[in-house]
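Just so you know, all these numbers are worked out from the coordinates, no wet-lab data involved. If you're wondering where the values come from, they're calculated on a predicted model, not measured in any experiment. Glycine gets a Cβ as well: all are built from the backbone with ideal geometry, and neighbour counts include every protein chain shown.
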Amino acid sequence: MKVIQNYIDGRFVSGKRQFADVNPADGTLIAQVTEADDAQVDEAVNAARRAVQGEWGRLGIRERTSRLHRVADAIEKRFDCFVQAEVADTGKPISLASRLDVPRAAANFRVFADLVKMAGLESFQAETPDGAGALNYAVRKPLGVVGVITPWNLPLLLLTWKVAPALACGNSVVVKPSEETPATATLLAEAMQDAGIPRGVYNVLHGFGPGSAGEFLTQHSGVDAITFTGESKTGAAIMKSVASTVKPLSFELGGKNAAIVFADCNFEEAVSGLSDAVFLNTGQVCLCAERVYVERKIFDSFVEALKRKAEGLHPGWPSDEKTDLGPLISAQHREKVLSYYRLADEEGATVITGGGVPKFGDNRDQGFYVQPTIYTGLPESARCVKEEIFGPVCHVAPFDSEEQAVAMANDTKYGLAASIWTSDLKRGHRVAQQMKVGITWVNCWFLRDLRTPFGGAGLSGIGREGGMHSLNFYSELNNICIRL
Ligand code: NAD
């Protein structure tokens, strides 16, 4: 049986305990994973400290960023390995992993390497009371050792989204990927070796959250900052855990995202865009729309068209190029999603399509598939309309005015993303600017420019990453004031 090891100080290392890595498509065992204990967390943090104080810390920006370009090249050289590992761990369709996850991982390294080289810094010239004047300018320094904790839904994409800017700014990292998807973080260690990234700069610890590698990492006094993507309630636990050591935190958390579809939209484009926004990656993207508000005039025809899209999806083996709907990540997550399907019934929803588990008549019946599901008819106060489900499911509700649509979309404790579908450009701007979220798309969804700010309001996060915002989080700015 394959064993996925921790990667500490440039070496792959085993440990005393192991846990299972399961293929969500059929429930079979992919590998055993080494769980890092607190001594290994300590070793990794110490190795990361030595790396920032050693060769890595001394490299000039030109050499550092050229090695990050080499990491991108090394990912591309191992493209098929990364795709296969990601597909096996997550159950996502191979077409998605090849088009999105792995290319984005390489892009993350290139974009942040280039950005840090180009980034300017503030400077101010001021007059002093005696007329001598002063020049203020800032220099960028690494924070030191950054703890990176990531989820299972876009494992490599989200991990590199944090690792790339952290390394570009000269930090070292200790990463704790999700226990559900350990493979690609470990493969990335091989790419780091190929690219000449010195030992200790990139360390991988496998394990769980509380009482395991995740918590040990957040509590470690040698970690200078924590960047985390995952559930809002985990963010709250991490916040408590780091409080006594006062570390900078960046949180990208959950969502209950809304889409607003106006009657003047391009109907076909809106249906197709919403079908992606609800069902992509089996609804397991933090940006997915679980609440769809449709202007009453087109409500029935829109629901009917979205239903046809849902029923046209092809749930299949993740390695089949034709598959566009994979399983959910785990038996436990499927139970959570199915509990919301049952709750929707109890709350009085009308089931437009789905609501259950597909039957295949082969080994996929031991996997964690659910049907793509559309509900209507729930009150806005229903738990299914309020709580993040994180599956291939949405509730569609009608609205009569722009004001009402904005109020319904904003009536949530989350604030990650929204999408607006309209042919009226003025309305697009007007409504977008009223959304209480980190990102609003107009007539599109999940179109990402890595230079833009990314993050959430409310329960959806703290801070922004992306472009200069990442560089600012992963560095310490030192202002220098010179009396002239
Ligand atoms: P999760 O919070 O359960 O786990 C995320 C990571 O945190 C895992 O590595 C886990 O082991 C670790 N962890 C759990 N408890 C911990 C603790 N007490 N201390 C330290 N580490 C701990 O999230 P998940 O189920 O893996 O991912 C799904 C969630 O992530 C959804 O809520 C989704 O919306 C959110 N998400 C947000 C974004 C974003 O950019 N805002 C992106 C993707 C996913």
Neighbourhood charge, 11 Å Cβ-Cβ cut-off, centred on residue 52 and excluding it, Lys, Arg +1 and Asp, Glu -1: +2
For the chain, evaluate the Debye formula with one uniform point scatterer on each Cα (no solvent term) and list log10 I(q)/I(0) at q = 0.05, 0.12 Å⁻¹, rounded to two decimals. -0.20, -1.06
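Which value in Å is the Kirkwood Rh of the range 257-442 over different Cα pairs?
One decimal place: 16.6 Å for the Kirkwood radius.
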Percent antiparallel among DSSP beta bridges confined to the chain, rounded to 5, stands at 40
How fast does the range 151-210 diffuse by Stokes-Einstein, in µm²/s, taking the Kirkwood radius from C-alpha pairs at 4 °C and 1.567 mPa s? 110
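Return an integer: the convex hull volume of the alpha-carbon atoms of the range 355-484, in Å³ per residue. Provide the component values of the computation, followed by the final result.
Values: hull volume 26.5 nm³, N = 130.
Spelled out: Cα convex hull of the range 355-484, divided by residues, is 204 Å³.
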Quote the convex hull volume per residue of the range 181-292, based on C-alpha atoms, as a whole number of Å³. 159
Quick one: putting +1 on the C-beta of Lys and Arg, -1 on the C-beta of Asp and Glu, what dipole do you get for the range 257-442 around its Cα centre, in Debye to the nearest 20? 280
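Any idea what % of Cα-Cα pairs in the range 1-65 are farther than 13 Å?
Working: 1454 of 2080 pairs.
Value for the range 1-65: 70 percent of Cα pairs lie more than 13 Å apart.
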Signed unit charges on C-beta, dipole axis of the chain, positive-most listed residue 223, 93, 160: 223
Sorted by chain and then number, the residues having a modelled amide H within less than 5 Å of the amide H of residue 265, at least 5 places away or on another chain, are 423
Using the Kirkwood formula on the Cα atoms of the range 1-121, what hydrodynamic radius do you get, in angstrom to one decimal? 16.9
For the range 41-109, max minus min Cα coordinate along each principal axis, in Å, sorted largest first? 42, 31, 15
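Indicate, rounded to the nearest 5 percent, the antiparallel portion of the DSSP beta bridges found entirely in the range 257-442. It would help to have the intermediate numbers written out before the result.
Working: 3 of 26 bridges.
Bridges in the range 257-442 that DSSP calls antiparallel: roughly 10 percent.
Looking only at Cα atoms, what is the convex hull volume of the range 51-91 per residue, in Å³? Mind showing how you got there, number by number?
Working: hull volume 3.5 nm³, N = 41.
Spread over its residues, the Cα hull of the range 51-91 gives 85 Å³ apiece.
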Which residues qualify? For residue 173, with a placed amide H closer than 5 Å and at least 5 residues away or on another chain, they are 146, 202, 203
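Would you work out the charge dipole size for the chain about its Cα centre, treating the Cβ of every Lys and Arg as +1 and the Cβ of every Asp and Glu as -1, and quote it to the nearest 20 debye?
1080
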Residues whose built amide H sits under 5 Å from the amide H of residue 294, excluding neighbours closer than 5 in sequence, are 261, 397, 399
I'd like to know which of 185, 405, 457 lies farthest towards the positive end of the charge dipole of the chain, counting +1 on Cβ of Lys and Arg and -1 on Cβ of Asp and Glu. 185
Kindly write out, for the range 63-78 in residue order, the coupling ³J(HN,Hα) from the Karplus curve 6.51 cos²θ - 1.76 cosθ + 1.60 (θ = phi - 60°), rounded to whole Hz, with x marking Gly and Pro. 5, 4, 6, 5, 5, 5, 4, 5, 4, 4, 4, 5, 5, 5, 4, 9
